[in-house]
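A.B. asks: Quick one: the structure is below, and I'll ask about it shortly.
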Amino acid sequence: MPFRTLSPIFPALAAAVLACAPAAAQQREDMPVPVAARDSVARAAAEAVRETYVFAERGRAAARAVLDGVAAGRYRALATASALSDTLTADLRRATGDQHLLVQYSVRPRPAVPGAAQMTAADSARQREAGEWRNYGLHRVERLEGNVGYLELGRFDDPALAAPTVAAAMALLAGTDALVIDLRANGGGHASMVSHLLGYFVERPTHHATLHRRAPGDTAQAWTPAEVPGPRYLGRPVYLLTSARTFSAAEAFAYDLRALGIATVVGERTRGGANPGSWRMIGDHFGVFVPTARVENTLTRGNWEGVGVEPAIAAAEADARRAAHVAALERLVAEQGDSPRAPRWREALDEVRARAAASPPAR
């Protein structure tokens, strides 16, 4: 299968970045690894972390842990690519606490990571087709009772390809009175999509985050675009659904939109991965993703690494959509009770509450 990744949230760190596996790839193919290659893959992964991990001392400690495993013969017994990559990933994460660290493999040889200049035209075409097949991560657009919009985002794809689809979705939602964005199953994606989507909720270009790379003073800023295709979604309640599976770029979007005072987070605490980075190939079949920077939100001066994004309204994953729908309608009634639409919001609120009362709570 293609490399299955948790993509970095700021691709500006490196042009060579792997995209997430196509949603069609449900079965994880495997392959044998020659005995002679097992230690060499481990050594190469350790060296990449030692050289480039954003926190130098932790990177050196993680590398030492893997090299100690090599010396002890820990990896020589791992005969398959899945066993080797999973064990190396677990060892690196245990040493650093960083869930973005990842060793992965591809059954099909990859001389360069997707997105790199060395990619073939066929590889690029496969990436484009995969994005089209998954509709660039936009899984569902709905109008809920009471004229509340609902957008389910399964991942953040490259806006260079996904922008027209995003614009179409936002146009369909433009007339709603409140919006619920579902990130519960979103494991991340392209950082550029974070900035692109944020642009729909702010009136002017906004500096929302800064990257601090390993070298002192080596920074980069993330800004929302000056213009977005179609109408912006301004001045209306926005709710973000999260779960323990929400990760990386999806967390960045939730964290930044909350910090800007635009959105209310509903659901569960997110997974807690904020350090972006890039891939390094290990031969033609293996690669290691190494976080090479930390993110600093412009307003909070912090991020969500290791702690996740805390919801303002706690709810089990299965109940989060209903909780956000109720909260949106309650807010509309409370803040715009004299609106001609208020009776319809109240009617919708009664219907949603009645359904909730008739349904058992999620376990």
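The values are calculated or read from the model by the stated rules, or taken from the named source; none is laboratory data. Fair warning: this is a prediction, and the values are worked out from it, not measured in the lab. Cβ placement follows ideal geometry from the backbone for every residue including glycine, while neighbour counts extend to all protein chains displayed. For the accessible areas, the whole protein counts, side chains as well, though only heavy atoms, and no ligand, DNA or RNA atoms are used. Shrake-Rupley method; radii C 1.70, N 1.55, O 1.52, S 1.80 Å.
A.B. asks: Among the residues of the range 30-46, which ones are touching a Lys or Arg at 6+ places or on another chain (Cβ under 9 Å) and either of a type in the set (D, E) or at positive phi (or both)?
C.D. replies: D39
A.B. asks: Taking the criterion of being crowded, with 21+ Cβ neighbours inside 10 Å and modelled with pLDDT under 95, would at least one residue in the range 240-249 satisfy it?
C.D. replies: no
A.B. asks: Then there's this: Looking at the structure I just gave you, is A254 in contact with a Gly (Cβ under 7 Å, 6 or more places away or on another chain), under 19 Å from G137 (Cβ atoms), at pLDDT 95 or above and in a helix (DSSP H, G or I)?
C.D. replies: The answer is no for A254.
A.B. asks: For the range 283-315, enumerate the residues that are touching a strand residue (DSSP E or B) at 6+ places or on another chain (Cβ under 9 Å), in a loop (DSSP other than H, G, I, E, B) and closer than 23 Å to E268 by Cβ.
C.D. replies: G302, N303, W304, E305, G308, V309, E310, P311, A312, A315, listed by residue number.
A.B. asks: As an exercise: evaluate A315 against (1) open to solvent by 10 Å² or more (accessible area, probe 1.4 Å); (2) in contact with a Leu (Cβ under 7 Å, 6 or more places away or on another chain); (3) aliphatic (A, V, I, L, M) and give the number of the one condition it does not meet.
C.D. replies: (2)
A.B. asks: Collect the residues in the range 257-279 that are open to solvent by less than 30 Å² (accessible area, probe 1.4 Å) and of a type outside the set (A, V, I, L, M, F, W, C), keeping them in residue-number order.
C.D. replies: Those that are open to solvent by less than 30 Å² (accessible area, probe 1.4 Å) and of a type outside the set (A, V, I, L, M, F, W, C): G267, T270, G272, G273, N275, P276, G277, S278.
Residues are listed down the side, and each one gets a yes or a no for (1) in a loop (DSSP other than H, G, I, E, B); (2) touching a Pro at 6+ places or on another chain (Cβ under 8 Å):
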position: G149; (1), (2): no, no
position: A171; (1), (2): no, yes
position: T176; (1), (2): yes, no
position: A185; (1), (2): yes, no
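A.B. asks: Just checking, which of V295, V309, V333, V352 is in contact (Cβ under 8 Å) with a residue 24 or more places away in the chain and either more than 24 Å from A244 (Cα to Cα) or open to solvent by 20 Å² or more (accessible area, probe 1.4 Å) (or both)?
C.D. replies: After applying the criteria, what remains is V352.
Results for (1) farther than 16 Å from G137 by Cβ; (2) among the polar types (S, T, N, Q); (3) open to solvent by 20 Å² or more (accessible area, probe 1.4 Å), shown as yes or no for each residue.
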| site | (1), (2), (3) |
| --- | --- |
| A168 | no, no, yes |
| G187 | no, no, yes |
| T206 | yes, yes, yes |
| W223 | yes, no, yes |
| E227 | yes, no, yes |
| R232 | yes, no, yes |
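A.B. asks: Here's a check for you: in the range 143-155, which residue that is out of contact with any Asp or Glu (no Cβ under 8 Å at 6 or more places or on another chain) and either in contact (Cβ under 8 Å) with a residue 40 or more places away in the chain or closer than 11 Å to A169 by Cα (or both) is surrounded by the fewest Cβ atoms within 10 Å (Cβ to Cβ)?
C.D. replies: L144
A.B. asks: Looking at the range 269-277, can you tell me whether even one residue there is at pLDDT below 95 and either of a type in the set (G, A, S) or touching a helix residue (DSSP H, G or I) at 6+ places or on another chain (Cβ under 7 Å) (or both)?
C.D. replies: yes
A.B. asks: Can you find, within the range 26-52, the residue that is surrounded by the most Cβ atoms within 10 Å (Cβ to Cβ) among those that are out of contact with any helix residue (DSSP H, G or I) (no Cβ under 8 Å at 6 or more places or on another chain) and assigned to a helix (DSSP H, G or I)?
C.D. replies: If we take residues in the range 26-52 being out of contact with any helix residue (DSSP H, G or I) (no Cβ under 8 Å at 6 or more places or on another chain) and assigned to a helix (DSSP H, G or I), then A48 is surrounded by the most Cβ atoms within 10 Å (Cβ to Cβ).
A.B. asks: Ok, one more. For the range 216-230, enumerate the residues that are within 26 Å of R321 (Cβ to Cβ) and modelled with pLDDT of 95 or more.
C.D. replies: Listed by number, the list holds a single entry, V228.
A.B. asks: Could we say that A160 is surrounded by fewer than 23 Cβ atoms within 10 Å (Cβ to Cβ), within 16 Å of F253 (Cβ to Cβ) and over 15 Å from the mean Cα position of the chain (by Cα) here?
C.D. replies: no
A.B. asks: Taking the range 281-320, which residues are of a type in the set (D, E, K, R) and at pLDDT below 95?
C.D. replies: Correct list: D284 only.
A.B. asks: A further question on this structure: With the checklist (1) touching a strand residue (DSSP E or B) at 6+ places or on another chain (Cβ under 8 Å); (2) under 27 Å from E29 (Cβ atoms) in hand, flag the one item A77 doesn't pass.
C.D. replies: The one condition A77 does not meet is (1).
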